[in-house]
Amino acid sequence: MRYGIDLGGTKTEIIALSETGEEIFRTRKPTPRGDYGSILRNIADLVAEADQKTGETGTVGVGIPGVISPNSGLVKNANTTELIGHPLDKDLEALINRPVRTANDANCFALSEATDGAGAGAGSVFGIILGTGVGGGLVINGKLHAGRNAIAGEWGHSPLPWANQTEHPGPECYCGKKGCIETFLSGPGFSQSHNSVGATGPSAEEIVAQATNGDAAALKTISIFERRLAKALTGIINVIDPEIIVCGGGLSNISRIYENVPRLWMEYAFSDTLETKFVPAKYGDSSGVRGAAWLWN
Ligand SMILES: [Zn+2]
């Protein structure tokens, strides 16, 4: 039995998967805020509940915001800031008496989709999340490639390639740089780009709904988004040339991108043809927690 845990900023979820990936048990609790010890005990309680419900002692994988630094062994880059500077895996192992594997939540997403999701069977899968932020993960021959510095797949904080005059130097990013891909392709970035074409204030969801009703400004924003996504993904394709790119997060629900982006990326690719597939995630919001379970594979 494999347990996956998705440690989010507002909720912590656990799933128990059978050997074949069938969901046996799942539950969630709010993530306690303000105190690292409470966050750990909350995870331990969920593991105890899963043990009790399944009658087994499952392996434990945890998807975290941020990563455990290969150098220090401590959590870095986490927006759940209580975790930063702690050896989360070691502390949790002591609480639940079994080894713990952790990975960045976007890496868990990619691993889930590569294992038995939309990228199953592909030799190389680049999983991307277009949500509150822009994340990604790379799986090669079924194995997560975390990288020497544990930042593989962090395309959101590289600059948008082939930027035009309106895109350079680009909006300020929370990471301290300007023009990061995340500032254009995250939900907030999408909404901000809409405001700059004339309208005021709607969220990404509202803009997509307006486009469905034929609103010209909303349709223009989506067209601009598609071209930016094509440019950003071609930058990835030119370096790692994955067999398939699987897309999750709120903006992955814009169905027209799967047709339009592969048409647009031909304008930028260093190849006369691209056979790269671009598809939505199979497991949607469940990919993070399922991928955490597949860290034991
Ligand atoms: Zn950035």
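Nothing in this text is a laboratory measurement; each read-out follows from the coordinates by a stated rule. Note that the structure is a prediction, hence the values are computed from the model and not measured. No Cβ is skipped: glycine too gets one built from the backbone with ideal geometry, and neighbour counts run over all protein chains shown.
Using alpha carbons only, how many angstrom separate the centre of the stretch 136-180 from the centre of the stretch 250-272?
When both Cα centres are located, 17 Å separates them.
If the cut-off is a Cα-Cα distance under 26 Å, which lysines reach LYS277, setting aside same-chain residues fewer than 8 apart in sequence?
LYS143, LYS220, LYS231
Of all trypsin sites (Lys or Arg not before Pro) in the stretch 13-117, which ones are in loop regions per DSSP and have a Cβ with at most 14 other Cβ atoms within 10 Å?
Taking the stretch 13-117 and a limit of 14 other Cβ atoms within 10 Å, the loop trypsin sites (Lys or Arg not before Pro) found are ARG33.
For the stretch 1-86, what is the relative contact order in percent, using Cα pairs closer than 8 Å and at least 6 residues apart in sequence?
Dividing the mean separation by the residue count of the stretch 1-86 yields 29 percent.
What number, in percent, do you get for the relative contact order of the chain if the mean sequence gap of Cα pairs under 8 Å and at least 6 apart is divided by its residue count?
Once normalised by length, the contact order is 21 percent.
Please sort by residue number the chymotrypsin sites (Phe, Trp or Tyr not before Pro) in the stretch 76-178 whose DSSP state is loop and whose Cβ has at most 15 other Cβ atoms within 10 Å.
Taking the stretch 76-178 and a limit of 15 other Cβ atoms within 10 Å, the loop chymotrypsin sites (Phe, Trp or Tyr not before Pro) found are TRP162, TYR174.
Which lysines does LYS29 reach when only Cα atoms under 27 Å apart count, and residues fewer than 8 places away in its own chain are ignored?
LYS11, LYS53, LYS76, LYS90, LYS282
If Rh is defined by the Kirkwood formula over all Cα pairs and Rg also comes from Cα, what ratio Rg/Rh do you get for the chain?
0.98
Helix hunt in the chain: which complete DSSP H runs extend at least 30 Å axially by C-alpha with mean Kyte-Doolittle at least 0.0?
Span-like helices here: 216-240.
Can you divide the C-alpha Rg of the stretch 24-140 by 2.2 N^0.38 Å and report the result to two decimal places?
1.13
Fully extended, how many nm does the chain gain between ARG33 and ILE240 (0.36 nm per residue separation, minus their Cα-Cα distance)?
Between ARG33 and ILE240, full extension yields 70.7 nm more.
Note down the relative contact order for the stretch 105-200 as a percent, whole number, built from C-alpha pairs under 8 angstrom at least six residues apart.
RCO, the stretch 105-200: 21 percent.
7 Å from Cα along Cα→Cβ at both LYS53 and SER203: what's the point-to-point distance in nm?
The modelled label-to-label distance comes out at 2.7 nm.
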